[in-house]
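A.B. asks: For reference, the structure I am asking about is given below.
The values are calculated or read from the model by the stated rules, or taken from the named source; none is laboratory data. Fair warning: this is a prediction, and the values are worked out from it, not measured in the lab. Glycine gets a Cβ as well: all are built from the backbone with ideal geometry, and neighbour counts include every protein chain shown.
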Amino acid sequence: MPHRTGRPLARAAAALCLALSLGLPSMSVAQTPSVENHFVRIAPRVAGVLYTPVAASPHRHVAVVVMHDNNDFLDHPSTVQLASRGFTVLAANPRYAPDLDDRDMDWDAALLDLASAVRYARGLAGIDRVVLLGHSSGAPLAAAYQNIAENGVKACQGPEKIVPCPDAMAALRPADALVLLDPIFGLGANVLTSVDPSLADGSTPADPSLDIYAPANGFTATGATYSDAFRKRFLKAQAARNAVLVERALQQRQAIAEGRGAFADDAPFVVPGATRTPRLWRPDLHLLSHTQGSYTLLRGDGTHSTEVIHTLRVPSGLTPTVVARNDREADRPASAASNAGAGAGAASAQARPLLLGGSLDTTVKRFLSTFATRATADYDITEDSVSGIDWNSSYTSTPGNVEGVKVPLLVMGMTGHYWLVSAETAYRHAASKDKSIAFVEGATHGFAPCQPCAKAPGQFGDTAGRTFAYVADWIGAHF
């Protein structure tokens, strides 16, 4: 049984966007025997694919809307998985997606584009329920949308926010339920936890003693074990660097407002070594290694158990720089043995990070609305928690947003990845009286089995099928 309180990405996106801009007819993508799908124009700059079950289904009246904040989700695994189980699924992309460099990422634009997708789904014939599904950083997007839709702009315009959201958020229509899969802590938290205080950034000098790739600090080519002293020193410096970034952006925003900026509307804002640089917990498996509470575990053999959830992931982030612009964290080598970056080479590489793919390259206003958050004096990362982040300082925060969500909520975490503590944190912060949480044994962030985690071939079975069967059962039980 689920742990519950209360009652029981397509490569054709670029071609599609061009077709939409030229007014060309919609195109159909590959079909499966039980699912039909076709491209739709959700809004003038918002592309989508609508997936519907071929056969009659008691769940066809439920539309599941899925969107990521910067990735192409038009062929997200949830689409066919849920449509083949009888649900209508609308996959949508924000106007600037895909945006692998985060250069055009704009949280406010993404929220408004998600609003267009929800309205489109509500207007489909036969649809009377809409479920928002957020995966990865699509989770804080869905949570922020639902929080604002349920509570109005006061949810994102309070004095606790670094910057308020625009008044355009006042007309969002709420969904009927929320599903968060392997949710991140939030975009601002992502930047905070990946800021590299060992790097020089133009106003702060480099500090090689904070290099997480230095053997003296506990790093090896196959993983790391950082001492408590180093972890605390690193995190203190990381929080301090983050505070400087936020204050610098606020000052530049004020200068723009007063007409003292180089540009009338905005200004460039670059953060060396952020968003793509490995976080402290990636090479050190002791950090964020298990949940605090006991929850439902969906085992590879098809059984369920209730227990403290432990990650099965292997060390990652073992290279000091991103070697390709389209690099994602999960694609980096599991061993740095063949990489000359460890040790002295790392310091050299770290001293000159990449701009595209290795740093956050955005603007002042987008940094503040999309990538900024505040840390407090007790900022820390341990084996079962991340503390000392002001979750309500940013409206890109998953824990902060679910505090305002009242509709039924399902959270699921993947034990073959490192967001299981983030999933638990979201669940614990959620205000909904009807909330459930479960974890999928051996699933990666993309729902496939974690092959390096397995002790025997096929140990974890069909992790994607198991994940979405559970999601389908949960939605079906509610609607």
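A.B. asks: Mind listing whichever residues of region 288-306 are surrounded by fewer than 22 Cβ atoms within 10 Å (Cβ to Cβ) and closer than 30 Å to residue 196 by Cα?
C.D. replies: If the condition is that a residue be surrounded by fewer than 22 Cβ atoms within 10 Å (Cβ to Cβ) and closer than 30 Å to residue 196 by Cα, then 289, 290, 292 are the ones that fit.
A.B. asks: Now for a different question. What do you reckon, is residue 78 among the hydroxyl-bearing types (Ser, Thr, Tyr), in the same structural domain as residue 424 (by TED's automatic domain parsing) and at pLDDT below 65?
C.D. replies: no
A.B. asks: If a residue must be surrounded by fewer than 24 Cβ atoms within 10 Å (Cβ to Cβ) and not polar (S, T, N, Q), how many such residues does region 73-100 contain?
C.D. replies: Adding up the residues that qualify gives 10.
A.B. asks: Within region 251-271, can you find the residues that are part of a strand (DSSP E or B) and surrounded by 14 or more Cβ atoms within 10 Å (Cβ to Cβ)?
C.D. replies: Across region 251-271, the qualifying residues are 269, 270, 271.
A.B. asks: I need a count of the residues in region 37-72 that are surrounded by 24 or more Cβ atoms within 10 Å (Cβ to Cβ) and not in a strand (DSSP E or B).
C.D. replies: Going through region 37-72 one residue at a time, the tally reaches 3.
A.B. asks: Is one or more of the residues making up region 142-159 closer than 18 Å to residue 471 by Cβ and aliphatic (A, V, I, L, M)?
C.D. replies: Yes, because at least one residue in region 142-159 is closer than 18 Å to residue 471 by Cβ and aliphatic (A, V, I, L, M).
A.B. asks: If you don't mind, another one. Quick one: how many residues across region 264-279 are of a type in the set (Val, Ile, Thr) and more than 9 Å from residue 361 (Cβ to Cβ)?
C.D. replies: 2
A.B. asks: Taking the criterion of being buried (at least 20 other Cβ atoms within 10 Å of the Cβ), assigned to a strand (DSSP E or B) and either modelled with pLDDT under 95 or charged (D, E, K, R) (or both), would at least one residue in region 273-284 satisfy it?
C.D. replies: Checked against the condition, which is being buried (at least 20 other Cβ atoms within 10 Å of the Cβ), assigned to a strand (DSSP E or B) and either modelled with pLDDT under 95 or charged (D, E, K, R) (or both), region 273-284 yields no hits at all.
A.B. asks: Then there's this: Hey, can you tell me all the residues within region 440-479 that are surrounded by fewer than 17 Cβ atoms within 10 Å (Cβ to Cβ) and either among the acidic types (Asp, Glu) or touching a Phe, Trp or Tyr at 6+ places or on another chain (Cβ under 7 Å) (or both)?
C.D. replies: 454, 462, 473
Conditions (1) under 21 Å from the mean Cα position of the chain (by Cα); (2) assigned to a loop (DSSP other than H, G, I, E, B), marked per residue:
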position: 162; (1), (2): yes, yes
position: 165; (1), (2): yes, yes
position: 168; (1), (2): no, no
position: 175; (1), (2): yes, yes
position: 179; (1), (2): yes, no
position: 183; (1), (2): yes, yes
position: 197; (1), (2): no, yes
position: 226; (1), (2): no, yes
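A.B. asks: Consider region 118-170. How many of its residues are more than 28 Å from residue 444 (Cα to Cα) and among the small types (Gly, Ala, Ser)?
C.D. replies: 10
A.B. asks: Would you point out the residue of region 89-133, among those that are among the aromatic types (Phe, Trp, Tyr) and in a helix (DSSP H, G or I), that is farthest from residue 472 (Cα to Cα)?
C.D. replies: 107
A.B. asks: Further, regarding this structure: For region 129-160, enumerate the residues that are touching a Phe, Trp or Tyr at 6+ places or on another chain (Cβ under 6 Å) and surrounded by fewer than 20 Cβ atoms within 10 Å (Cβ to Cβ).
C.D. replies: The answer is 129, and nothing else.
A.B. asks: Would a scan of region 273-291 turn up a residue that is outside the structural domain of residue 436 (by TED's automatic domain parsing), over 30 Å from residue 463 (Cα atoms) and not polar (S, T, N, Q)?
C.D. replies: The answer is yes; a qualifying residue exists.
A.B. asks: Could you please tell me which pairs satisfy a Cβ distance under 6 Å, a separation of 6+ or placement on different chains, a first residue in region 190-208 that is under 16 Å from residue 355 (Cβ atoms), and a second residue that is at pLDDT 85 or above and part of a loop (DSSP other than H, G, I, E, B)?
C.D. replies: Short answer, once both residue conditions are applied: 194/279.
A.B. asks: Shifting gears a bit: Taking residue 206 as meeting all but one of (1) buried (at least 20 other Cβ atoms within 10 Å of the Cβ); (2) small (Gly, Ala, Ser); (3) in the same structural domain as residue 253 (by TED's automatic domain parsing), write down the number of the exception.
C.D. replies: All conditions are met except number (1).
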